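The values are calculated or read from the model by the stated rules, or taken from the named source; none is laboratory data. Quantities reported herein were computed from a predicted structural model and do not represent experimental measurements. Counting neighbours? That spans all protein chains shown, and the Cβs are built from the backbone with ideal geometry, glycine included.
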Ligand SMILES: Cc1ncc(COP(=O)(O)O)c(C=O)c1O
């Protein structure tokens, strides 16, 4: 391999595993002419199978497939009855969907700092809770989690519900327990960047029957359905407003096949992830992301914390020049500051407090007057700002070869030596 050619394959993990099983399952739905989940001429029940696989995988009572992770977040917040007058606590390392779900619910996002696990800092969570707090959104970012056990404990001690966002850590676990089993509700995404994919899709899991029943109504047309898949309108408790986010059978067919491969996908990434962290260890001044349970990391990212922003930029420039880049389609070996809407202060709609309508809701809502002096610009979260400014991000595609992995390590070590680290 030439030194200047891109060393890294593109980063969309599940896509590498799309094969005969997915083709066969999708074809089955097409031949049955039954792409709708609730009825059809010859329903194949792939959505049911997928939900069953998630219930079993996570040991949860309920699973509800939806059409995206973003929709899953909105539906879960609706099920938890979040609205004007409420605030949702969420970390500064997140995805734009996490904030938009809160704002679209009419509630107020309240930012919590992160620690060097890149997960919510439990101590800051405790400081940030107010009488308006209703839900803690615990977001498992870049393949793994942080002190999730403490975060759940603190939230429950304050009678707050936990919505666990596991979009970026599907198939991961923490000390033997699957991520997605910690929150009162948890969500997943099956968008292309995720550990398994159908291009689009999402999942909500929970144990509480009422939360589940409300989520079912909200994800559909506001009402439950009977065994024939027809809407039921005579249950007063479930005469709600739906948001049209059902999963279809074609997506589910693909996802049933992908779910069976998920553990192989994460095992492949985890192995490479460990190889990279081990190979880069010992570079003076470099501190890797703190991973509390490396065996539970689903593996898609390696985060490298450099002594300062300048060193971070110089290491990236040197290693990119030596070939640590992907082909034209992918994103890799970048400073975290360029990680777009994953960083709270890069989200202009948030920093500018843009409303969901011309009246400026939810910020202008009198029920939310308590949040008038909340700010969201850079400077709001000291630890997050510091970590973002000097961390570089490598994605770890399952197709990365051991040879490329070792070449990458050698390039980083050489660049560090050249910088006198
Ligand atoms: C942390 C997180 N939450 C939610 C989502 C939303 O998922 P989707 O793209 O399926 O709407 C994503 C991914 O895009 C994400 O990374």
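Side notes on the structure shown:
- When 238, 223 are checked against the criterion of being in contact with a strand residue (DSSP E or B) (Cβ under 8 Å, 6 or more places away or on another chain), surrounded by fewer than 23 Cβ atoms within 10 Å (Cβ to Cβ) and more than 30 Å from residue 404 (Cβ to Cβ), 223 stands alone in meeting it.
- Restricting attention to the range 317-354, the residues being touching a residue at least 40 places away in the same chain (Cβ under 8 Å) and surrounded by 15 or more Cβ atoms within 10 Å (Cβ to Cβ) number 24.
- Every listed requirement among (1) under 17 Å from the mean Cα position of the chain (by Cα); (2) assigned to a loop (DSSP other than H, G, I, E, B); (3) at negative phi; (4) away from the ligand (no atom under 14 Å from the Cβ) is met by residue 266 save one, (2).
- Residue 37 being surrounded by fewer than 24 Cβ atoms within 10 Å (Cβ to Cβ), away from the ligand (no atom under 16 Å from the Cβ) and more than 25 Å from residue 122 (Cα to Cα): no
- Tallying residues that are away from the ligand (no atom under 16 Å from the Cβ) and either in contact with a strand residue (DSSP E or B) (Cβ under 8 Å, 6 or more places away or on another chain) or part of a loop (DSSP other than H, G, I, E, B) (or both) within the range 172-190 yields 4.
- Just one of the listed residues (132, 156) is modelled with pLDDT of 95 or more, surrounded by fewer than 19 Cβ atoms within 10 Å (Cβ to Cβ) and touching a strand residue (DSSP E or B) at 6+ places or on another chain (Cβ under 6 Å), namely 132.
- Condition check for residue 162 on (1) part of a loop (DSSP other than H, G, I, E, B); (2) surrounded by fewer than 24 Cβ atoms within 10 Å (Cβ to Cβ); (3) within 16 Å of the ligand (Cβ to nearest atom): one failure, at (1).
- Verdict on residue 101 being more than 15 Å from the ligand (Cβ to nearest atom), closer than 27 Å to residue 358 by Cα and surrounded by 24 or more Cβ atoms within 10 Å (Cβ to Cβ): no
- Against the list (1) surrounded by 19 or more Cβ atoms within 10 Å (Cβ to Cβ); (2) more than 22 Å from the chain's Cα centre (by Cα), the condition residue 304 fails is (2).
- Scanning the range 381-421 for residues that are over 21 Å from the mean Cα position of the chain (by Cα) and assigned to a loop (DSSP other than H, G, I, E, B) yields 390, 399, 400, 401, 419, 420, 421.
- Residue within the range 199-210 that is part of a loop (DSSP other than H, G, I, E, B) and within 16 Å of the ligand (Cβ to nearest atom) present: yes
- Within the span defined as the range 360-380, every residue fails to be touching a helix residue (DSSP H, G or I) at 6+ places or on another chain (Cβ under 7 Å), within 21 Å of residue 290 (Cα to Cα), at pLDDT 95 or above and part of a loop (DSSP other than H, G, I, E, B).
- Verdict on residue 73 being over 22 Å from residue 249 (Cα atoms) and crowded, with 18+ Cβ neighbours inside 10 Å: no
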